[in-house]
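Below is one structure; the comments refer to it alone.
The values are calculated or read from the model by the stated rules, or taken from the named source; none is laboratory data. The structure displayed is predicted, hence computed values, not measured ones. Cβ: placed from backbone, ideal geometry, glycine included. Neighbour counts: every protein chain shown. Heavy atoms of the whole protein, side chains included, go into the accessibility calculation; ligands, DNA and RNA do not. Shrake-Rupley method; radii C 1.70, N 1.55, O 1.52, S 1.80 Å.
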Amino acid sequence: MRMNKEELVKEVSAQAKLSQKQTTEVIAALLDTIEKTVSKGKKVTLVGFGTFEARKRAARVGRNPQTGKEIKIAAKTVPAFSAGKKFKELVK
């Protein structure tokens, strides 16, 4: 089962006792701030929940699954999330 953005907005709106419009704006601002911060190479840590950060991937050799031919995969930086202790315990 998955929760989409609309369902998330409804749930948060009910818990925070805010309108769905206000909740949508808050969630959008939160995600935008996380994206901008991580794109600048900084970490965003929400204690108990987790850490968002940029991680570097080294260049490597891979294989084309259709032909089996080796291909070079360039190094790049990707967004990553590490769950916090409390979040990990809840998911067990």
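Which ³J(HN,Hα) values in Hz, rounded to whole numbers, follow from the phi angles of the stretch 53-60 under the Karplus curve 6.51 cos²θ - 1.76 cosθ + 1.60, where θ = phi - 60° and Gly and Pro get x?
Per residue, the Karplus-derived 3J(HN,Hα) values read 7, 9, 10, 8, 10, 6, 5, 8 Hz.
Using +1 at the Cβ of each Lys and Arg and -1 at the Cβ of each Asp and Glu in the stretch 23-92, identify which of Ser82, Ile27, Val44 lies farthest towards the dipole's positive end.
Looking along the dipole axis, the top candidate is Ser82.
Helix-only mean residue ellipticity at 222 nm, the chain, DSSP H runs n ≥ 4 weighted -39,500 (n - 2.57), per residue, nearest 500. What is it?
-13500 deg cm²/dmol
If I stretch the segment between Glu25 and Phe49 completely, what's the gain in nm (0.36 nm per residue apart, minus their alpha carbon distance), one decimal?
6.5 nm
Take Glu35, Glu53, Glu7 and sort them by solvent-accessible surface of the protein heavy atoms, 1.4 Å probe, largest at the top.
Highest to lowest solvent-accessible surface, that is Glu35, Glu7, Glu53.
How much accessible area per residue does the chain have, counting only protein heavy atoms and a probe of 1.4 Å, in square angstrom?
Normalised by residue count, the accessible surface of the chain is 87 Å².
Using a 1.4 Å probe, how large is the accessible area of Phe81, given in Å² and rounded to the nearest 10?
Here the residue's solvent-accessible area equals roughly 80 Å².
Would you work out the charge dipole size for the chain about its Cα centre, treating the Cβ of every Lys and Arg as +1 and the Cβ of every Asp and Glu as -1, and quote it to the nearest 20 debye?
My answer is approximately 560 debye.
Only Cα pairs within less than 10 Å get springs; with that Gaussian network setup on the chain, which residue of Lys69, Lys17, Lys56 has the largest fluctuation?
Lys69
Lysines within cross-link reach of Lys86: Cα-Cα under 19 Å, excluding same-chain residues under 8 positions apart?
Partners found: Lys43.
Given H placed on each backbone N at 1.01 Å, which residues far from Gly48 in sequence or on other chains put an amide H within less than 5 Å of it?
Lys85, Lys86
Each residue of the stretch 14-22 in order: what ³J(HN,Hα) in whole Hz does its phi give by Karplus 6.51 cos²θ - 1.76 cosθ + 1.60, θ = phi - 60°, with x for Gly and Pro?
Calculated HN-Hα couplings, in order: 5, 5, 8, 6, 10, 5, 5, 5, 4 Hz.
Which percent of Cα-Cα pairs in the chain sits in each 5 Å bin, short to long?
3, 11, 12, 14, 18, 14, 10, 8, 5, 3, 1, 0
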